[in-house]
Amino acid sequence: MTLEIEQLLHRERLPHIWCAGCGVGIVAGAFLRAVLDLGLKRENTVVVSGIGCSSRAAGYIDLNTVHAIHGRALPVATGIKMARPEFTVIVLTGDGDGAAIGGNHLIHSCRRNIDLTCILFNNQIYGMTGGQFSPTTEPGDIATTAPYGQFEPPFDLCRLAEAAGATFVARGTAANIRQTEKLIKQGIQHCGFSFIEAVVPCPTEYGRRNKPAKAVDMLEAERARSISKTKAARLSPEELRDKIVTGVLYEDTQKPEFQRTYAEVSAGVRAQVGRRFAEEDEK
Amino acid sequence: MEPWHGHLLKERVDQSSLLIQGNRACVLGALDAGVRFYAGYPITPSSEIMEAMAFELPRAGGVFVQMEDEIASICACIGAALTGEVAMTATSGPGFSLMQEAIGYAIMVEAPLVIVNVMRAGPSTGRPTAPSQGDVMQARWGTHGDHPAIVLAASNVADMYRLTMAAVRFALRFRTPVTLLADQVVGQMRESFSEELIGRYRLTSGDFDFTPGYLHPDVAREVRRPHILGSGEHPHVTGLFHDETGFPTNDPEKTDKFLRDLYNKVAHHRDELCLYDVKNEGNGRVCIVAYGSCARSARAAWRLADQEGLSVEILHLYTLFPLPVEIIQKVARRVEFMIIPELNLGQYAHEVRKMAEQWTTVIGMNKTDGTLITPREILDRIAELVGKYESV
């Protein structure tokens, strides 16, 4: 059965909780279009999210959805994937959920290269709790817990994911949503751990204390700062300072995937034990 | 690695009796009860459970994953449980502390899983290689909010086998996490182990059956139908207050009902959940109420007392929570003293006192130095109490 996008939404749960101008819904929409385009089956598709603005998307999507605890979407997804390898498991998380409280799970999921797709909505702030700084808040910007300007350096999450062992690493923005949708599709199709950072604006909690402040201006600034990987390669670190490098940043199709490797090892051991028992029976 | 007489049937049939470690008997019980998913993180004195699972589960066609910490371990178990698996993890105090938030989530989303806590002495790192019963109240109230808890306590190797099976059964039946408490001594000692030994200690509870694979006949009674991922229902699962559809609700009436139902599905089934054994029933002025490794000393003390012409009663508890109110009050009505030996500062004695002090004097015997309470120590305390009474 071909699904329509409306069929992937719990319409009775709408309107959603996101603020006007929020970028989370834009990327969530791209994710749903990716699910439709890939023809994923509803019964075999599981969405796992943590806690935060982006994680609330799970409550509106009519697939198998798990709204887990703060920071732990990835280990829950790991349990689901290992128990039911035939499922397509997608994790929706944010910069606080996925890179602060859940940071350890992120790097270990990358290292295992388990076949999950992690879409990290990076709005660079804790939106739901009222605008506290996150591990990706830009230096100098104001947050409710950085009233004098953020002085902690931020993570580059894509470099983190690549270094930790993820085999598909990409970055898109809400501003260039067609590109982001394509990256999500590629990520879901990739066998191994796919990490997609989606840069989204939060005008309510980030914009209003910083510049640009308005939703449209934030999106336009995002678009202006975006630069492809190939173009970025020609720029100096100084010139790249304010840029958002987008596209597929890293891909490796050779590294063994975790669940399949486990299944092979397990089948090998069972075959060996079976042979030994058969030999003993003959004796 | 020492030879391990594993689940794989052929090896086991050759052995009518095994000399086996408590932690490994726990694995045997889990496999016999149908556990095919284990996620864990190494920690003394529980690591042998994880090592045996790493060896056995691939052979049994199950899944074993070593996770990055205990939080990830229990979360992976919850993920597996949401697909319909029975999942298990094992840990000790520090890891049990890390798991608490996720235990609350498992209760909230009604995910069946078994958590084995092989207790070590003390808060924090404490003494990893010494026994303790210091996590009893944490097992009851460790996660935040009002919640139900099923907590069992193993006192020997046979218990590690059969109470793990009971834990699996209860987890499936009541769709909630079940904690099995052991301690360093029960987990790491070796004892002979056979079908006969498993059956030797009587458990008193309704119609409990330890046959592998046995399911309680009314497994769905009063427990909500589970939402299983991939079952065709494409459910939504959340730790927010939710109604029977699975979706969040802020409706005061619905949230109140949800919480009370969750609590009562355990509280209203004490008759089925409370496993215990009474020895020397109705004989003697003193009853030793004991669980875990202290119950071993209590049983030995009872035999010693018998030789010395002193009659004592034993109430050996296998289920600590839900509180076995009925049996404790029944015994409290007929004895003058209840002695409760514990390797903590009186955590469970406090619970018993609340239920029993209107009928009897509840006396705690506590040790927190990392050694066991000996039978002689218990007996001396009884003699002292009875003597004191007689001299009055």
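Residue pairs, Cβ under 6 Å, 6 or more apart or interchain, first in the range A:16-31 and in the same structural domain as A:GLY130 (by TED's automatic domain parsing) and open to solvent by 20 Å² or more (accessible area, probe 1.4 Å), second not in a loop (DSSP other than H, G, I, E, B) and not polar (S, T, N, Q). List them.
From residues that are in the same structural domain as A:GLY130 (by TED's automatic domain parsing) and open to solvent by 20 Å² or more (accessible area, probe 1.4 Å), the pairs are A:ILE17/A:ARG56; A:TRP18/A:VAL24; A:TRP18/A:GLY25; A:GLY21/A:ALA215; A:ILE26/A:ILE177.
Residues in the range B:83-129 that are under 16 Å from the mean Cα position of the chain (by Cα), farther than 30 Å from A:GLU43 by Cβ and part of a loop (DSSP other than H, G, I, E, B): how many?
1
Within the set of pairs 6 or more residues apart or between chains, which connect a residue that is not assigned by TED's automatic domain parsing to the domain that holds A:HIS10 inside the range A:48-77 to a residue that is at pLDDT 95 or above with Cβ atoms less than 8 Å apart?
Qualifying pairs under 8 Å: none.
Answer yes or no as to whether A:LYS211 is in a helix (DSSP H, G or I), over 24 Å from A:GLN189 (Cβ atoms) and open to solvent by 70 Å² or more (accessible area, probe 1.4 Å). First the steps, then the outcome.
Values: in a helix (DSSP H, G or I): no; over 24 Å from A:GLN189 (Cβ atoms): yes; open to solvent by 70 Å² or more (accessible area, probe 1.4 Å): yes.
Spelling it out, it is not the case that A:LYS211 is in a helix (DSSP H, G or I), over 24 Å from A:GLN189 (Cβ atoms) and open to solvent by 70 Å² or more (accessible area, probe 1.4 Å).
Take the range A:172-196 and flag every residue that is open to solvent by 10 Å² or more (accessible area, probe 1.4 Å), more than 18 Å from A:GLU220 (Cβ to Cβ) and in contact with a Gly (Cβ under 9 Å, 6 or more places away or on another chain). First the steps, then the outcome.
Step one: filter the range A:172-196 for residues open to solvent by 10 Å² or more (accessible area, probe 1.4 Å), giving A:175-179, A:181-182, A:185-186, A:188-191.
From the residues that got through so far, the ones that are more than 18 Å from A:GLU220 (Cβ to Cβ) too are A:181-182, A:185-186, A:188-191.
Of everything in the range A:172-196, those that are open to solvent by 10 Å² or more (accessible area, probe 1.4 Å), more than 18 Å from A:GLU220 (Cβ to Cβ) and in contact with a Gly (Cβ under 9 Å, 6 or more places away or on another chain) turn out to be A:GLU181, A:LYS182.
Could you please find all residues in the range A:33-67 being assigned to a helix (DSSP H, G or I) and away from every other protein chain (no Cβ under 14 Å)?
A:ARG33, A:ALA34, A:LEU36, A:ASP37, A:LEU38, A:SER54
Could you tell me whether any residue of the range A:78-95 is more than 9 Å from every other protein chain (Cβ to nearest Cβ), in a loop (DSSP other than H, G, I, E, B), open to solvent by less than 10 Å² (accessible area, probe 1.4 Å) and at pLDDT 95 or above?
There is no residue in the range A:78-95 that is more than 9 Å from every other protein chain (Cβ to nearest Cβ), in a loop (DSSP other than H, G, I, E, B), open to solvent by less than 10 Å² (accessible area, probe 1.4 Å) and at pLDDT 95 or above.
Find all pairs meeting these conditions: Cβ atoms under 8 angstrom apart; at least six residues apart or on different chains; first residue within the range A:132-156 and closer than 16 Å to A:VAL200 by Cα; second residue open to solvent by less than 60 Å² (accessible area, probe 1.4 Å) and modelled with pLDDT under 95.
Pairs that qualify, where the first residue is closer than 16 Å to A:VAL200 by Cα and the partner is open to solvent by less than 60 Å² (accessible area, probe 1.4 Å) and modelled with pLDDT under 95: there are none.
In this structure, is B:GLY364 in contact (Cβ under 8 Å) with a residue 12 or more places away in the chain and at positive phi?
Values: in contact (Cβ under 8 Å) with a residue 12 or more places away in the chain: yes; at positive phi: no.
Against the criterion (in contact (Cβ under 8 Å) with a residue 12 or more places away in the chain and at positive phi), B:GLY364 does not qualify.
Taking into account only those residues within the range B:22-49 that are modelled with pLDDT of 90 or more and open to solvent by 10 Å² or more (accessible area, probe 1.4 Å), which is nearest to the other protein chains (Cβ to nearest Cβ)?
Applying the filter and picking the extreme gives B:ARG36.
Out of everything in the range B:108-124 that is open to solvent by less than 10 Å² (accessible area, probe 1.4 Å) and closer than 22 Å to B:LEU240 by Cα, what residue ends up being farthest from the other protein chains (Cβ to nearest Cβ)?
Filtering first and then ranking leaves B:PRO112.
Please work out which residue is most open to solvent (accessible area, probe 1.4 Å), limiting yourself to the range A:217-274 and to residues that are hydroxyl-bearing (Ser, Thr, Tyr) and in a strand (DSSP E or B). Don't jump to the end; show me each part of the working.
Here is the first cut: in the range A:217-274, the ones hydroxyl-bearing (Ser, Thr, Tyr) are A:226, A:228, A:230, A:236, A:246, A:250, A:253, A:261-262, A:266.
Checking the rest, the ones that are also in a strand (DSSP E or B) come to A:226, A:228, A:246, A:250.
Working: A:SER226: 27, A:SER228: 42, A:THR246: 9, A:TYR250: 75 Å².
Result: A:TYR250.
In the range B:248-274, what residues are in a loop (DSSP other than H, G, I, E, B), farther than 20 Å from B:LEU163 by Cα and open to solvent by less than 40 Å² (accessible area, probe 1.4 Å)?
Across the range B:248-274, the qualifying residue is only B:THR249.
Please enumerate the residues belonging to the range B:84-97 that are without any contact (Cβ under 8 Å) to a residue 60 or more places away in the chain, open to solvent by 10 Å² or more (accessible area, probe 1.4 Å) and within 11 Å of chain A (Cβ to nearest Cβ).
Within the range B:84-97, B:GLU85 is the sole residue that qualifies.
If you check B:GLY61 against the conditions, is it in a loop (DSSP other than H, G, I, E, B), facing chain A (nearest Cβ under 9 Å) and open to solvent by 20 Å² or more (accessible area, probe 1.4 Å)?
yes
Specify which of the listed residues (B:ARG169, B:ARG140) is in a helix (DSSP H, G or I), open to solvent by 10 Å² or more (accessible area, probe 1.4 Å), out of contact with any Gly (no Cβ under 6 Å at 6 or more places or on another chain) and at pLDDT 95 or above.
Answer to the check: B:ARG140.
Does A:CYS158 count as open to solvent by 20 Å² or more (accessible area, probe 1.4 Å) and either outside the structural domain of A:THR136 (by TED's automatic domain parsing) or modelled with pLDDT of 95 or more (or both)? Steps first, please.
Details: open to solvent by 20 Å² or more (accessible area, probe 1.4 Å): no; either outside the structural domain of A:THR136 (by TED's automatic domain parsing) or modelled with pLDDT of 95 or more (or both): yes.
Criteria not met by A:CYS158.
Quick one: is B:VAL278 under 16 Å from B:PHE170 (Cβ atoms), of a type outside the set (Lys, Arg) and touching a strand residue (DSSP E or B) at 6+ places or on another chain (Cβ under 8 Å)?
No: the conditions fail for B:VAL278.
Going by what's in this entry, would B:ARG127 be described as open to solvent by 20 Å² or more (accessible area, probe 1.4 Å) and within 8 Å of another protein chain (Cβ to nearest Cβ)?
Details: open to solvent by 20 Å² or more (accessible area, probe 1.4 Å): yes; within 8 Å of another protein chain (Cβ to nearest Cβ): no.
No.
Looking only at the range B:65-83, count how many residues are facing chain A (nearest Cβ under 8 Å) and open to solvent by 10 Å² or more (accessible area, probe 1.4 Å).
Selection size over the range B:65-83: 3.
A:GLU12 passes all but one of (1) farther than 14 Å from A:ILE184 by Cβ; (2) in contact with a strand residue (DSSP E or B) (Cβ under 9 Å, 6 or more places away or on another chain); (3) within 10 Å of chain B (Cβ to nearest Cβ); which number fails?
(2)
Please verify whether B:THR245 is open to solvent by less than 40 Å² (accessible area, probe 1.4 Å), over 28 Å from the mean Cα position of the chain (by Cα) and at negative phi, treating the condition exactly as stated. Steps first, please.
Details: open to solvent by less than 40 Å² (accessible area, probe 1.4 Å): no; over 28 Å from the mean Cα position of the chain (by Cα): yes; at negative phi: yes.
When the stated conditions are applied, B:THR245 does not pass them.
The values are calculated or read from the model by the stated rules, or taken from the named source; none is laboratory data. All values reported here derive from a predicted model rather than from experimental measurement. Glycine also receives a Cβ, built like all others from the backbone with ideal geometry; neighbour counts cover every protein chain displayed. For the accessible areas, the whole protein counts, side chains as well, though only heavy atoms, and no ligand, DNA or RNA atoms are used. Shrake-Rupley method; radii C 1.70, N 1.55, O 1.52, S 1.80 Å.
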